[in-house]
Amino acid sequence: MASLSSASVSLVRTPTHLPCFRSNHGKVQSLNRYSKTKTTHLSINSSLRMCSIAASDSPLSTSMYELSSKKVWIWTENSQVMTAAVERGWDTFIFSSQNQGLANEWSKIALIDPLFIKEGEIFDNAGERVATIFQVSTPSELKKLHPEAHHVGNVVIDLLDWQVIPAENIVAEFQGSKTTVFAVSKSPAEAQLFLEALEHGLGGVVLKVEDVKAVLDLKEYFNRRNEVHNRLSLTKATITQVHAVGMGDRVCVDLCSLMGPGEGLLVGSFARGLFLVHSECLESSYIASRPFRVNAGPVHAYVATPGGKTSYLSELKAGKEVMVVDQTGKMRTAIVGRVKIETRLLILVEAKIDANDQTVYSILLQTAETVALVCPHEGNRTQKTVIPVTSLKAGDEVLLRLQGGARHTGIEIKEFIVEN
């Protein structure tokens, strides 16, 4: 096994938000979008300006995003792939030792950090060793990988024939070590597998592609997962009317994740205002707790999905993602495992933000004790978390997510719209 040097790598031209490209005269062109750059010295185990993802706030699971950062290096000879990656904040590129000319050419166009492969090692532009590459195709080769065999630094694993089990074994072996382990990924799907193995995932991926779409898809994946950083702004609304309307086809959404008290899905008849519908995690004398389920409403209703989008409840199916939100606005993504549509008795619930507000927000829900809306969170005061719809009455306060009402294929757009 080759050892890794712990020498520091001098990294320059660190964009804080957006990438810099060079003008025809070789000078940095800011286009009024880029901040001033600076020279930064980082040890080779430090994050090389990659996407940083915070821990999930879900109380029920320890997410891979508890790591301070996930790193992405790009391995390509396609200039369009390079441009797409730099524009999305990924500016560390791997070249073969014969491609020094290509690295120099790209460095004249964009501010990149070129790395070079030579005899199973990866070196930076100054000739300092940055990482070691290991090709793994058999269990015996996999067993040779362990933290004690390396100094602090980066290890790039190329799993030639298999992926899932080796990735999980590597995550387990290197947890707690100072070695950052990358896996060579030939698609966004492979990258996701490596980044999520055993929840924690590997420290990074080397995306080896010649297709721009692969970069776009991987960035979209990071953006969706980065949403767990944010808290949604939830608004207190007052119930104005509750009454039975008859039978309808309602949707139970069963997730591949467990939900806790205060968590549920954002659902509503109009995209302009989505109610926080609670999960069936609470104990009931009528039926066993089902903390994976939300009895969400009729088939026509909107439900919040990642990326600020919405879907109709009727469009959900196994494998799709939805946003799970709690009483304080913390959110996380969850995968739909099953959708059940059955005919049940429905009630109409209407609410307003205040008495003088002319805008009405509504939702239809099944008439059942296990279906509930989440109440506002009032600091540390002890109060009820939810109100079952069978007890709901005018004057009760619930939580609402306000947003743009006009939608096209689930994407918010700006246009005049009237919905009643």
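The values are calculated or read from the model by the stated rules, or taken from the named source; none is laboratory data. Not measured: the values here are computed from a predicted model. So basically every Cβ, Gly included, is an ideal-geometry build from the backbone, and we count neighbours across all protein chains shown. Protein only, heavy atoms only, side chains kept; ligands, DNA and RNA dropped before computing areas. Shrake-Rupley method; radii C 1.70, N 1.55, O 1.52, S 1.80 Å.
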Go through the residues of region 377-386 one by one and say whether even a single one is at pLDDT below 95 and surrounded by 22 or more Cβ atoms within 10 Å (Cβ to Cβ). yes
Strands (runs of 3 or more DSSP E) contained in region 193-280 and holding at least 3 residues within 27 Å of residue 353 (Cβ to Cβ): 235-255, 264-270, 273-278
How many residues are on the phi < 0 side of the Ramachandran plot and either open to solvent by less than 50 Å² (accessible area, probe 1.4 Å) or in a strand (DSSP E or B) (or both) if we restrict to region 308-327? 13
Among the residues in region 151-158, are any at pLDDT below 85 and either open to solvent by 70 Å² or more (accessible area, probe 1.4 Å) or not assigned by the TED database to the domain that holds residue 83 (or both)? yes
From (1) at pLDDT below 60; (2) closer than 21 Å to residue 244 by Cα, pick out the condition that doesn't hold for residue 374. (1)
Scan (1) surrounded by 21 or more Cβ atoms within 10 Å (Cβ to Cβ); (2) in contact with a Lys or Arg (Cβ under 8 Å, 6 or more places away or on another chain) for the single condition residue 108 breaks and write down its number. (1)
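Yes or no, residue by residue, for (1) modelled with pLDDT of 70 or more; (2) farther than 18 Å from residue 117 by Cα; (3) open to solvent by less than 10 Å² (accessible area, probe 1.4 Å):
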{"position": "140", "(1), (2), (3)": "no, yes, no"}
{"position": "144", "(1), (2), (3)": "no, yes, no"}
{"position": "148", "(1), (2), (3)": "no, yes, no"}
{"position": "160", "(1), (2), (3)": "no, no, no"}
{"position": "168", "(1), (2), (3)": "yes, yes, no"}
{"position": "172", "(1), (2), (3)": "yes, yes, no"}
{"position": "179", "(1), (2), (3)": "yes, yes, no"}
{"position": "191", "(1), (2), (3)": "yes, yes, yes"}
Residue satisfying all of: in region 307-354; more than 17 Å from the chain's Cα centre (by Cα) and without any contact (Cβ under 8 Å) to a residue 60 or more places away in the chain; farthest from residue 403 (Cα to Cα) among these: 318
Matching residues in region 226-258 (within 23 Å of the chain's Cα centre (by Cα), open to solvent by less than 60 Å² (accessible area, probe 1.4 Å) and modelled with pLDDT under 95) number 6
Assuming residue 263 fulfils every condition listed in (1) among the charged types (D, E, K, R); (2) surrounded by 24 or more Cβ atoms within 10 Å (Cβ to Cβ); (3) closer than 16 Å to residue 339 by Cα apart from one, which condition is it? (3)
What number goes with the only condition from (1) in contact with a Leu (Cβ under 6 Å, 6 or more places away or on another chain); (2) over 22 Å from residue 376 (Cβ atoms) that residue 345 does not pass? (1)
Residue check for residue 220: of a type in the set (D, E, K, R), surrounded by fewer than 15 Cβ atoms within 10 Å (Cβ to Cβ) and in contact (Cβ under 8 Å) with a residue 60 or more places away in the chain: yes
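If I filter region 294-306 for residues that are over 28 Å from the mean Cα position of the chain (by Cα), modelled with pLDDT of 95 or more and surrounded by fewer than 20 Cβ atoms within 10 Å (Cβ to Cβ), do I get at least one hit?
No, region 294-306 has no match at all.
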